[in-house]
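The block underneath contains the structure these notes are about, expressed in structure tokens.
The values are calculated or read from the model by the stated rules, or taken from the named source; none is laboratory data. The structure displayed is predicted, hence computed values, not measured ones. Backbone-built Cβ (ideal geometry, glycine too); neighbour counts: all protein chains shown. Note: accessible area is taken over every heavy atom of the protein model, side chains too, but ligands, DNA and RNA are not part of it. Shrake-Rupley method; radii C 1.70, N 1.55, O 1.52, S 1.80 Å.
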Amino acid sequence: MDMRDRVNTALKDAMKSKEPDRLSTLRLINAAIKDKDIALRGSADEEGGVSNDDVLAILGRMVKQRQESARAYEEGGRLELAEKELSEIKVIEEFLPKQLTEEEAEAAVTEAIAEVGATSIRDMGKVMAVLKGKFTGRMDFGKAGPMVKGRLG
């Protein structure tokens with residue numbers, strides 16, 4: 001089952017079981033996917049609309065946005081809003097593959113560096129491209145970048 005179908009099935013289940021918070025988060029996910037569909041219209045990438053990798057990237061961005069918002073709300077003393085953001089993260093993460101552990105991420109970086117034969121910081125883009133190709137949705141690239149830079153720099 002592709003990602004879009006999984007989200008739609010979960011949306012229907014949330015409607016049937018009357019879970020308003022979960023339902024609103026699932027609707028946000030659906031809206032983000034449809035926005036990407038619309039953005040792809042008329043471009044060369046359009047073939048089948050949004051791919052599963054695109055959906056994973058969208059979900060990853062949504063999680064990151066909510067983490068930043070929750071942090072800002074906590075710093076501002078708005079704990080009820082921070083709690084809402086954190087509950088949305090839990091719903092979104094149901095659709096993401098299991099995240100790599102720190103050790104697995106280190107091993108993936110080492111493997112990607114060896115795969116492209118990277119020797120200097122100028123090869124960082126190639127290494128990151130390999131990582132994004134293999135680990136979209138499973139790796140935090142904000143942490144992977146400094147890891148790669150540390151190894152190559």
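A compact table of results
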{"item": "Computed accessible area, LEU100, all protein chains, 1.4 angstrom probe, square angstrom", "result": "30 Å²"}
{"item": "Pairwise FRET efficiency - SER120 versus ARG41, Cβ, R0 = 35 Å, nearest 0.05", "result": "0.30"}
{"item": "Whole-percent carbon and sulfur share, accessible surface of the stretch 19-153, 1.4 Å", "result": "51 percent"}
{"item": "Hull-based mean projected area of the stretch 12-82, where the convex hull spans the alpha carbons, in square nanometres", "result": "6.0 nm²"}
{"item": "For the chain, with +1 on Lys and Arg beta carbons and -1 on Asp and Glu, the positive-most of GLY145, MET124, LEU81 along the dipole", "result": "LEU81"}
{"item": "Rounded tilt (10° steps) of 102-116 against the dominant C-alpha axis of the chain", "result": "50 degrees"}
{"item": "GNM result for the chain, Cα springs below 10 Å: residue of ILE29, ILE92, ILE121 fluctuating most strongly", "result": "ILE121"}
{"item": "Degrees, to the nearest 10: 79-93 long Cα axis against longest axis of the chain", "result": "70 degrees"}
{"item": "Per residue, in Å², the accessible surface of the chain once ligands and nucleic acids are set aside, probe 1.4 Å", "result": "62 Å²"}
{"item": "Two-site FRET efficiency, ASP53 against GLU111, from Cβ-Cβ distance with R₀ of 22 Å, rounded to 0.05", "result": "0.65"}
{"item": "The chain - mean residue ellipticity at 222 nm from DSSP helices (-39,500 (n - 2.57) per run, n ≥ 4, rounded to 500)", "result": "-24500 deg cm²/dmol"}
{"item": "Positive-end residue, the stretch 1-87 charge dipole about Cα centroid, Cβ charges, pick of LEU56, MET3, GLY42", "result": "MET3"}
{"item": "Debye, to nearest 20: dipole size of the stretch 1-118, +1 on Lys, Arg Cβ, -1 on Asp, Glu Cβ", "result": "800 debye"}
{"item": "Theoretical FRET efficiency, 1/(1+(r/R0)^6), r = Cβ-Cβ of ASP2 and ALA31, R0 22 Å, to 0.05", "result": "0.80"}
